[in-house]
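Before any comments, here is the structure.
The values are calculated or read from the model by the stated rules, or taken from the named source; none is laboratory data. What you are looking at is a predicted structure, and each value in this text was computed from that prediction instead of being measured. All Cβ positions, glycine included, derive from the backbone under ideal geometry; neighbour counts span all protein chains shown. These area figures cover heavy atoms from the full protein model, side chains too; ligands, DNA and RNA do not enter into them. Shrake-Rupley method; radii C 1.70, N 1.55, O 1.52, S 1.80 Å.
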Amino acid sequence: MSAVEQYTRAHLVTDSPDEHVVVPVALRYDPEADPRSVRVDLPGSRDWTFSRELLEQGLRAPTASGDVSIWPCGRVQTILEFHSAQGVAVVQFDASALIRFLRRTYAAAPVPH
């Protein structure tokens, strides 16, 4: 089993409707460390680790677990919301990037039973 690392860009959602902040994001999966979890690395933020299943479910319908909420936004976007003591980060992804990442994780390691 090999680790999966995918770099993409996402839009940081802010209070200002005129501000469009694009940030680089690293999506990571290491089946040897934890075959059930994925990691999202945002710049200037802590790494967010949550279940691969949560990400998959959030592509289809609103879902949440702990400090992470995920929901589809239209047909081609997905929102990830992260809560911490420092505040809330809301990030909008192209769903296709997340789907491609999930496919690569399942190719690296099928769903554990």
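Where residues in the stretch 83-102 are more than 13 Å from Glu5 (Cα to Cα) and not in a strand (DSSP E or B), which of them is least open to solvent (accessible area, probe 1.4 Å)?
Checked the stretch 83-102; the qualifying residue least open to solvent (accessible area, probe 1.4 Å) is Ala95.
Going through Asp30, Asp67, Asp41 one at a time, which residue ends up being of a type in the set (D, E, K, R) and under 11 Å from the mean Cα position of the chain (by Cα)?
Every option except Asp41 fails the conditions.
State which residue is nearest to Arg104 (Cα to Cα) when the search covers only the stretch 48-63 and only residues that are surrounded by 16 or more Cβ atoms within 10 Å (Cβ to Cβ) and among the hydrophobic types (A, V, I, L, M, F, W, C).
The selected residue is Leu55.
Please enumerate the residues belonging to the stretch 55-91 that are of a type in the set (D, E, K, R) and farther than 19 Å from Val25 by Cα.
Selection gives Arg60, Arg75.
Within the stretch 61-72, is even one residue at pLDDT 95 or above, closer than 22 Å to Val13 by Cα and in contact with a Lys or Arg (Cβ under 9 Å, 6 or more places away or on another chain)?
yes
Looking only at residues in the stretch 1-13 that are open to solvent by 20 Å² or more (accessible area, probe 1.4 Å) and not polar (S, T, N, Q), which one is nearest to Gln77 (Cα to Cα)?
Checked the stretch 1-13; the qualifying residue nearest to Gln77 (Cα to Cα) is His11.
Which residues, counting only those in the stretch 64-82, are touching a Gly at 6+ places or on another chain (Cβ under 8 Å), open to solvent by less than 30 Å² (accessible area, probe 1.4 Å) and of a type in the set (A, V, I, L, M, F, W, C)?
Within the stretch 64-82, Ile70, Leu80 meet the criteria.
Of the residues that sit in the stretch 103-113 and are surrounded by fewer than 18 Cβ atoms within 10 Å (Cβ to Cβ) and hydrophobic (A, V, I, L, M, F, W, C), which one is nearest to Arg52 (Cα to Cα)?
Val111
Condition first: crowded, with 18+ Cβ neighbours inside 10 Å and within 24 Å of Gly74 (Cα to Cα). Now tell me which residues in the stretch 14-47 satisfy that.
Passing the criteria: Val25, Leu27, Val38, Val40, Leu42.
In the stretch 104-113, is there at least one residue being in contact (Cβ under 8 Å) with a residue 60 or more places away in the chain and either in contact with a helix residue (DSSP H, G or I) (Cβ under 8 Å, 6 or more places away or on another chain) or assigned to a strand (DSSP E or B) (or both)?
Checked against the condition, which is being in contact (Cβ under 8 Å) with a residue 60 or more places away in the chain and either in contact with a helix residue (DSSP H, G or I) (Cβ under 8 Å, 6 or more places away or on another chain) or assigned to a strand (DSSP E or B) (or both), the stretch 104-113 yields at least one hit.
Going by the conditions given, is Tyr29 under 18 Å from Phe101 (Cα atoms), in contact with a helix residue (DSSP H, G or I) (Cβ under 6 Å, 6 or more places away or on another chain) and of a type outside the set (Lys, Arg)?
yes
Looking at the stretch 13-26, is at least one residue under 11 Å from the mean Cα position of the chain (by Cα) and touching a residue at least 40 places away in the same chain (Cβ under 8 Å)?
yes
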